[in-house]
Amino acid sequence: MKFFAAIGKTDYIKINGYKRGIWEFLEHQPDGWLCSIAFNQAVIPHHSQILWDCGAYTYRHLDVPMLGKNLVTPHWAIHQYKKRSRSGDIIVAPDSLLLGKNLETRIRFNYESARQFIELSKKLEGRIAMAVVHGVSIEARIERALDLYNFGYRAIGIGGLVATASNKQYNTKIIKIITQELRQLPEPIWIHVFGLSSPAYARVFDDINITSFDGASHFKEAFIAGSFFLIKGERLVKYKASKPHENPTVPLCNCLCCQTLRRYGYETRSFGVWQNNLGRAVHNLNQLLIAQKNTENQNKSNYKQLSLIINDCISSA
Ligand SMILES: [Zn+2]
């Protein structure tokens with residue numbers, strides 16, 4: 001199972017006037033990155049596979065999807081993906097979350113968009129076209145998943161479940177049923193779950209043979225909660241960042257990220273300037289990936305074990 005780490009608009013660290021991507025500060029890389037076309041990333045991790053997302057979360061309140069002054073249509077999205085993506089990347093058909101009063105409009109948009117997008121995507125060589133399953137009921141979602149398969153999609157995302165993330169039983173049921181249906185079809189399908197990455201979910205995903213999932217918790221945790229994780233044995237222990245100008249109480253970390261930033265006067269263990277806080281997010285991601293690698297090396301374990309470690313750390317706050 002692959003983990004795509006989300007990357008934002010300004011996720012770079014400026015050193016000596018150069019914008020350096022956060023991946024440069026990681027000792028191990030995630031399987032890929034999730035980038036949205038809702039904004040222009042200052043730096044893009046083209047060395048890895050990228051899952052290009054259409055920005056549905058950004059325009060979630062609009063019945064007619066728009067990003068800036070642009071109507072989000074399959075043609076516009078393809079144009080964006082043509083400029084930004086590379087061969088091997090995944091590109092997502094524009095979709096709309098089923099929110100608000102005009103659900104029918106949104107459902108129709110999703111259907112038409114997916115239908116047109118797969119044809120347009122054929123012009124972009126080597127890209128993997130993905131469309132996202134939404135629905136107001138399990139039956140509607142299954143029907144849509146089968147539509148997407150019949151349109152020709154061999155990569156299908158399951159979306160719209162972040163709002164009900166705390167209702168794990170409900171979300172799990174939906175994901176399991178859709179996956180069972182898709183796995184019975186003649187051709188293999190890449191199944192991605194959008195925006196759920198807690199340990200409990202990762203366990204389920206692994207059990208039911210989900211292909212990939214994504215998460216942005218390493219950022220939220222670091223910026224808002226000030227969480228700072230350190231590996232201890234096979235676990236990640238959570239500490240809290242200090243207030244600006246106070247001496248850090250977190251033990252010193254010599255990971256590639258913390259060490260490099262310290263050399264330039266940035267302290268990841270304290271709140272403060274942007275570099276401190278982003279550095280802490282990168283440190284956290286680094287610790288996750290180190291833990292993942294350690295587990296792999298120790299017993300050639302499957303992803304089930306390493307995902308537990310990764311996600312226990314991410315979601316324990
Ligand atoms: Zn560190």
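Charge tally for residue 149 (other residues, Cβ to Cβ under 12 Å; Lys, Arg +1; Asp, Glu -1): -1. For segment 2-223, with all protein chains in place and a probe radius of 1.4 Å, 52% of the accessible heavy-atom surface sits on carbon or sulfur.
Taking the Cα atoms only, what angle lies between the long axis of helix 74-84 and the longest principal axis of the chain, rounded to 10 degrees? It is inclined by approximately 30 degrees. Close amide H partners of residue 34, meaning residues 5 or more places away or on another chain with modelled amide H under 5 Å apart, are 5, 6, 7, 51.
Axis of helix 138-151 versus longest Cα principal axis of the chain: the two differ by about 80°, to the nearest ten degrees. Helix 303-315 and the long axis of the chain differ in direction by around 70°, with both axes built from C-alpha atoms. With the charge dipole of segment 2-223 set up from +1 on Lys and Arg Cβ and -1 on Asp and Glu Cβ about the Cα centre, the Cα lying farthest toward the positive end among the listed residues 90, 10, 193 is that of 10. Over the chain, DSSP H runs of length four or greater, each weighted -39,500 (n - 2.57), average out per residue to a 222 nm ellipticity of -12000 deg cm²/dmol. Ligands, DNA and RNA are left out, and with a 1.4 angstrom probe the accessible area of the chain is 46 Å² per residue.
What number comes out for the charge environment of residue 15, summing +1 per Lys or Arg and -1 per Asp or Glu over other residues with Cβ under 10 Å away? If you can, show how the numbers build up before the last one.
On the way: positive: 14, 19, 20, 263; negative: 24.
Once positives and negatives cancel, what remains is +3.
Compactness of the chain was expressed as the Cα radius of gyration divided by 2.2 N^0.38 Å, which yields 1.01.
The values are calculated or read from the model by the stated rules, or taken from the named source; none is laboratory data. No experiment lies behind these values; they were computed from the predicted model shown. Methodologically, a virtual Cβ is constructed for each residue, glycine included, from the backbone with ideal geometry; neighbour enumeration extends over all protein chains shown. Surface areas here come from the heavy atoms of the whole protein model, side chains and all, with no ligands, DNA or RNA. Shrake-Rupley method; radii C 1.70, N 1.55, O 1.52, S 1.80 Å.
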